[in-house]
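Step one of this worksheet: look at the structure below.
The values are calculated or read from the model by the stated rules, or taken from the named source; none is laboratory data. This one's a predicted model, so the numbers in the text were calculated from it and none came from an experiment. Quick reminder, even Gly has a Cβ in these numbers, built from the backbone with ideal geometry, and neighbours come from all protein chains shown.
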Amino acid sequence: MADDVAENLAEVLAGIRRCEVDSGRETGSVRLVAVSKTKSADEIRPALVAGQRVFGENRVQEAESKWPSLKAAFADIELHLIGPLQTNKVRDAIDLFDVIETLDREKLARALAEERAKRGHCPSLLIQVNTGEEPQKAGIVPAEADAFIRLCRDDLQLPIEGLMCIPPVDEPPSPHFALLAKIARRNGLSVLSMGMSADFEAAIQVGATHVRVGSAIFGARPPHRQNG
Ligand SMILES: *Cc1c(COP(=O)(O)O)cnc(C)c1O
């Protein structure tokens, strides 16, 4: 089990490095966010022992139950929130996460700005773009992305570093990755979080700086929690 995680991790990292070379990207320019949602601290530890330090979780409460002890045991952990954030959880999220990848609406932007003013600090933020314009999915639709970026960055002075997307499951992902890259480029944003276990190579080809990989490292998750 522990051996599997270390082995899978090494394989994913090798795949990322290979893809960097093939795509003419600088070696080490793509960071792996190991998605540990639904996995226990014991299941996560082998990845930490193997040297992985950047992790993604999709629920604030679940992350709060696992990560304080792991953070105490391993230095330099960088934790990303990759699931939806409710405004009443903003305070907890700011305490625990180093990056929030799912800034997806004005109400949340204002809550983050307010909390930032109170505390004087805020995690790095990525804006989630709903590139497939799926009604059930979170994120700013592409047509409204430029205005939302301006609101967050210029009006609210939030530390917006880039964009994140989750393409529709039933479509080829590359056009969605390319669209996200285009929106980032025209807004001068450098971070692109895109690509998961099934498609991170395609994402790297069009400029991903962060890939979020879960099941390829930690194994399959129980189906009812897959997208939650
Ligand atoms: C679960 C999840 C991932 C990882 O998906 P895998 O297919 O297991 O690699 C990536 N991004 C987000 C937002 C997720 O919720």
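Here are the numbers:
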quantity	calculated
Qualifying positions in the range 107-120 - exposed (fewer than 14 other Cβ atoms within 10 Å of the Cβ) and in contact (Cβ under 8 Å) with a residue 12 or more places away in the chain	K107, R119
Among the residues listed as G83, G51, the single one being at positive phi and outside any strand (DSSP E or B)	G51
Exclusive hit being of a type outside the set (A, V, I, L, M), more than 16 Å from the ligand (Cβ to nearest atom), within 18 Å of the chain's Cα centre (by Cα) and buried (at least 19 other Cβ atoms within 10 Å of the Cβ), set G214, G207, G139	G207
Where a residue in the range 17-40 is more than 24 Å from P223 (Cβ to Cβ) and surrounded by fewer than 18 Cβ atoms within 10 Å (Cβ to Cβ) and its partner, wherever it lies, is at pLDDT 95 or above and of a type in the set (D, E, K, R), with Cβ under 6 Å and at least six apart	T27/E20
Residue count for the range 55-65, restricted to those that are in contact (Cβ under 8 Å) with a residue 40 or more places away in the chain and more than 12 Å from I100 (Cα to Cα)	0
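Here is a yes/no grid of residues against (1) within 23 Å of E64 (Cβ to Cβ); (2) modelled with pLDDT under 95; (3) assigned to a loop (DSSP other than H, G, I, E, B); (4) not basic (K, R):
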residue	(1), (2), (3), (4)
Q128	yes, no, no, yes
A138	yes, no, yes, yes
E161	no, no, no, yes
P167	no, no, yes, yes
L189	no, no, yes, yes
